[in-house]
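Presented below is the structure to which this report refers.
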Amino acid sequence: RLALIYAEGLGVEICAILHDAFLIEALESEIDRKVFEMQELMRESSKQILGGFELRSEFELIQSGDYYIDPRGIVIWISFD
């Protein structure tokens, strides 16, 4: 929640939240900076909440026209074919 508040203050456009993940949106020319900012916000938030302990984060970049595929869900979608 704290990272979300910080992101809002910096103008990072949050499209969705799922557990400890954020889906953000940005122009192609700005996405690298926005991803970096979001990871910094998440790191800073974890330090504040966890008494100085810093959590790492990963990201996956999905370009316009592409879509996210979670390998764990492929079996489910294949069963619909």
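The values are calculated or read from the model by the stated rules, or taken from the named source; none is laboratory data. None of the values given here were measured: they were computed from a predicted structure. Heavy atoms of the whole protein, side chains included, go into the accessibility calculation; ligands, DNA and RNA do not. Shrake-Rupley method; radii C 1.70, N 1.55, O 1.52, S 1.80 Å.
Expressed as a whole percent, the accessible surface of the stretch 1-55 that belongs to carbon and sulfur atoms is 57, based on a 1.4 Å probe. Solvent-accessible surface of the chain, taken per residue with a 1.4 Å probe and all protein chains present: 86 Å². Can you tell me the 0 to 90 degree angle between the C-alpha axis of helix 31-49 and the longest principal axis of the chain, rounded to 10? Its long axis makes an angle of about 60 degrees. Scaled against the 2.2 N^0.38 Å expected of a compact globular protein of N residues, the Cα radius of gyration of the stretch 1-42 reads 1.03. In terms of its C-alpha gyration tensor, the chain comes out oblate, because a/c is 1.5 or above while a/b does not outweigh b/c. Across the chain, the mean sequence separation of Cα contacts (distance under 8 Å, 6 or more residues apart), normalised by length, yields a relative contact order of 19 percent.
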